[in-house]
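Taking it in order: structure first as structure tokens, then the write-up.
The values are calculated or read from the model by the stated rules, or taken from the named source; none is laboratory data. Just so you know, these numbers come straight off a predicted model, no measurement behind them. Here the Cβ positions follow ideal geometry from the backbone for every residue, glycine too, while neighbour counts run over all protein chains shown. Keep in mind that these areas ignore ligands, DNA and RNA; they rest on the heavy atoms of the full protein, side chains included. Shrake-Rupley method; radii C 1.70, N 1.55, O 1.52, S 1.80 Å.
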Amino acid sequence: MREPPVKNKASATLDNRVDLEINDPQVYAALCGEEQRERDGIELIPSENYTFPEVLAVLGSVFTNKYSEGYPGRRYYGGQTFTDEIENLARDRAKAVFDCEHANVQPLSGSAMNQAVYLGLLNPGDTILAMDLSHGGHLTHGAPVSHMGKLFNFVRYITNPVDGSIDYDQIRADAILHKPKLVLCGYTSYPRDLDYAAFKSIADEVGALTMTDASHFGGLIAGGAMRNPFDYGFDIVTTTTHKSLRGPRGGMVLCRKKFASKLDKSVFPGLQGGPHMNAIAGIAVTLGKAQTAEFEQYASQVLKNSKTLASALMDQGAELIAGGTDNHMMVVDTVKSFGLDGKAAEEVLDRVQITTNKQIIPDDPNPPLKPSGIRIGTPAATTRGMLESDMQLLATWLITCLNNSTDEAVLDDVAEQVQAFCQKFPVPGLS
Ligand code: DSN
């Protein structure tokens with residue numbers, strides 16, 4: 001049996017701050033600035049979160065020094081005792097959390113993880129059915145500007161912007177007409193839930209594989225607050241690890257055993273070289289946390305907060321795409337609601353330290369850098385401990401700012417309240 005390793009405090013990031021401050025004051029100043037921004041403002045971008053302090057510790061650890069091409073037990077470099085341990089832990093925990101047969105935790109992030117699936121299981125030119133970008137899909141779901149959109153033949157389905165519904169009969173007709181090899185569901189800006197049974201039945205009818213890109217709601221599946229596509233017989237689920245899961249930046253491909261070998265080869269050596277072992281250590285930590293009762297409680301609170309915020313915004317006159325939310329996010333049509341494009345709305349809110357992101361809406365007549373809406377989500381605010389009553393307050397500040405976007409006195413007043421409010425909610429990892 002191995003001797004327990006000597007505990008060495010020096011490898012943790014926070015202990016090395018003094019060196020950074022002395023040796024690179026410019027980078028140190030930017031780090032302090034970002035810490036202050038995160039502490040003094042309210043983060044409402046639905047894809048962002050505050051990671052666990054333990055994840056910060058391993059991200060800034062010596063695992064970043066190590067090359068580990070290959071997989072546990074089959075590496076191309078020596079010295080893999082601890083990297084193998086870490087990657088096996090992350091894989092086993094991923095399988096337990098998502099109730100799946102195989103997990104690859106090496107994808108560097110969301111785009112690579114989706115590309116690995118397409119390139120590993122399909123041939124260039126094959127047809128994939130996926131949600132249109134402006135209706136909520138991701139760039140890698142076939143947007144013409146992405147390389148994937150050029151390499152594969154994407155047929156994109158749309159949603160009903162009034163109630164967010166998806167016309168499954170139309171998707172079935174599209175599937176029969178276009179014979180996709182893969183039926184893909186999942187989203188980055190769609191505020192409703194998905195009917196996995198319907199997607200699976202359509203895919204079965206035309207002999208297609210099924211995949212969910214759960215990047216946004218991976219943490220909500222892990223915490224039992226949203227449904228798991230594997231319960232409906234899906235073949236593949238991908239998720240990033242830094243959004244609702246609260247982990248480090250990274251991605252995972254989860255699948256049935258029969259796809260394991262092809263998908264592992266597709267990630268490495270097909271698409272990537274050395275995995276980022278510090279991130280994989282962070283994924284292991286995250287998935288340990290995801291198995292706790294506290295995480296279950298967190299996931300359910302994210303949804304409660306989101307529904308409360310959406311209702312409070314609508315009660316005060318905001319027009320939400322799809323008329324509300326079933327998940328952790330909502331999209332506000334700022335042109336219709338406030339006569340502001342999404343860029344202007346984002347800037348007004350930035351001015352009071354409430355961070356959102358400009359967002360295209362379904363079939364947006366405006367360009368992506370000046371779109372018609374903003375996207376708002378509750379994972380980060382919930383991590384800080386905010387509850388439904390806080391969402392009511394947030395809604396009032398959002399509405400006040402967007403209705404008074406040129407009134408400096410009103411904006412100053414909200415900014416002051418936001419700053420005072422934030423002091424009550426510590427950011428994990430920032431003392
Ligand atoms: N950038 C992510 C998001 O904000 O949803 C998707 O890639």
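Determine the relative contact order of the stretch 288-431: mean sequence separation of Cα pairs under 8 Å and six or more apart, normalised by residue count, in whole percent. Numbers along the way, then the final one.
On the way: 215 pairs, mean separation 35.3, N = 144.
It rounds to 24 percent for the stretch 288-431.
Among Gly323, Phe82, Pro367, whose Cα projects farthest towards the positive end of the dipole of the chain, with charges put on the beta-carbon of Lys, Arg (+1) and Asp, Glu (-1)?
So the residue furthest toward the plus end is Phe82.
Among Ala116, Ala299, Tyr196, whose Cα projects farthest towards the positive end of the dipole of the chain, with charges put on the beta-carbon of Lys, Arg (+1) and Asp, Glu (-1)?
Ala116
If packing is taken as the mean number of other Cβ atoms within 10 Å per residue, what is the order of 218-225, 268-275, highest first?
Values: 218-225: 24.8, 268-275: 16.2.
Result, highest mean Cβ count within 10 Å first: 218-225, 268-275.
For the stretch 45-167, with only Lys/Arg (+1) and Asp/Glu (-1) charged at the beta-carbon, what is the dipole magnitude about the Cα centre, in debye rounded to 20? Kindly include the intermediate steps, with their values, before the conclusion.
On the way: 8 positive and 13 negative charges, 79 e Å.
Using Cβ point charges on Lys, Arg, Asp and Glu, the stretch 45-167 gives about 380 debye.
For Val155, enumerate residues with amide H under 5 Å from its amide H, sequence gap 5+ or separate chain, H modeled in the peptide plane.
Under 5 Å from the amide H of Val155: Ile128, Leu129, Ala130.
Note down the magnitude of the dipole of the stretch 219-364 about its Cα centre, charges +1 on Lys and Arg C-beta and -1 on Asp and Glu C-beta and zero elsewhere, to the nearest 20 debye. Can you show the working numbers first?
Values: 16 positive and 15 negative charges, 157 e Å.
The calculation lands at about 760 debye.
Using a simple charge model, +1 on the beta-carbon of Lys and Arg, -1 on the beta-carbon of Asp and Glu, nothing else, what dipole does the chain show about its Cα centre, in debye to the nearest 20?
Dipole size: approximately 1580 debye.
Using only Cα atoms, locate the centre of the stretch 109-133 and the centre of the stretch 156-175, then give the distance between them in Å, rounded to an integer.
20 Å
Run the simple label-point estimate for Leu387 and Ala173 please: 7 Å along Cα→C-beta, distance reported in nm.
Placing both labels 7 Å along Cα→Cβ, they lie 4.9 nm apart.
Please compute the length gained on full extension between Ser300 and Asp204, using 0.36 nm multiplied by the number of residues separating them and subtracting their Cα-Cα distance. Write out the running numbers ahead of the final one.
On the way: separation 96, 0.36 × 96 = 34.56 nm, distance 3.20 nm.
Once the chain is fully extended between Ser300 and Asp204, it gains 31.4 nm.
Quick one: order Leu20, Leu320 from most to least accessible surface, probe 1.4 Å.
On the way: Leu20 55, Leu320 15 Å².
The ordering from most to least exposed comes out as Leu20, Leu320.
From the phi of every residue in the stretch 340-354, what ³J(HN,Hα) in whole Hz does the Karplus formula 6.51 cos²θ - 1.76 cosθ + 1.60 yield, where θ is phi - 60° and glycine or proline is x?
Each residue of the stretch 340-354 in turn: 10, 6, x, 5, 5, 5, 4, 5, 4, 6, 4, 4, 9, 6, 10 Hz.
Apply 1/(1 + (r/R0)^6) to the Cβ-Cβ distance of Gln291 and Lys424, taking R0 = 35 Å, and write down the FRET efficiency to the nearest 0.05.
It comes to 0.75.
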